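Every read-out reported here was derived from the displayed coordinates using simple, explicitly stated rules and does not represent laboratory data. What you see is a predicted model, and the numbers here were worked out from it, not measured in a lab. Every residue, glycine among them, receives a Cβ derived from its backbone with ideal geometry; neighbour counts consider all protein chains shown.
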Amino acid sequence: MEQFLKVGVIVKPQGIKGEVKVQPLTDDYSRFKKLKTVFIDGEERKILSAKIGVDSVILAVSGIVDRNQAELYRGKFLLVDRQNAVELKKDNYFIVDIIGCRVVTDDDEQIGEVIEVTPAVRDVFTVKCFSGKILRFPFLKDLLVSVDIENKTITVKDKRLKEVSCYED
């Protein structure tokens, strides 16, 4: 498992005092209010303040003191150590843990490997099939048999998968 988890990406400077606008990569934007430190380019930085917006978060980060400095961080990811990550609710998973999981059916058919998760009301999994095709399906409770992060395996119901999935040409 990855030691660090991406929680946001800096999209641009905000104002002239070094604040940055962040696009959260998490379901819970309020987590930024509780965040004490983040890692940017492997360097630990203190979060001095956080303002939660509708679709973004404005952060003041130690060591970024003006707009010119903030501009240098455009496109950089904010990471947290896994031990400081939020606790997930039952049947919730970090995307980084889902990527690379094998997808198999309840009939033991090997489908492929998850290569991408697109966040949505129902996250969409993109799977590179062992046949070479690309398969997409929504993360639905009635589709899943089990998710085993430890063994990197997601088991799905074969019949339901055929109903809700689509292949890319």
Evaluated over region 55-108, the Cα radius of gyration and Dmax, each in Å: 17.9, 58
Other-chain or far-sequence residues with amide H under 5 Å of GLN14's (modelled H): GLU19, VAL20, LYS21
Equivalent ellipsoid semi-axes - Cα gyration tensor, region 54-150, angstrom: 35, 16, 13
222 nm mean residue ellipticity, helices alone, for the chain (DSSP H n ≥ 4; -39,500 (n - 2.57); rounded to 500): -2500 deg cm²/dmol
Mean Cβ neighbour count within 10 Å, used as a protection proxy, ranking 81-89, 96-104 highest first: 96-104, 81-89
GluC sites (Glu not before Pro) within region 121-169, DSSP loop, no more than 14 other Cβ atoms inside 10 Å: GLU150
Karplus 3J(HN,Hα) series, Hz, for region 60-74 with 6.51 cos²θ - 1.76 cosθ + 1.60 (x for Gly, Pro): 9, 10, 4, x, 10, 10, 8, 4, 4, 5, 4, 4, 5, 9, 4
Derived scalar couplings ³J(HN,Hα) [region 144-154; Karplus, 6.51 cos²θ - 1.76 cosθ + 1.60; whole Hz; x for Gly, Pro]: 7, 9, 7, 10, 10, 5, 4, 9, 6, 9, 10
Coordinate range along principal axes, alpha carbons of region 28-94, Å, largest first: 43, 28, 20
Distance cut-off 29 Å, percentage of C-alpha pairs in the chain lying past it: 33
Cleavage-rule hits, chymotrypsin sites (Phe, Trp or Tyr not before Pro), region 1-97, DSSP coil, Cβ neighbours within 10 Å at most 16: TYR93
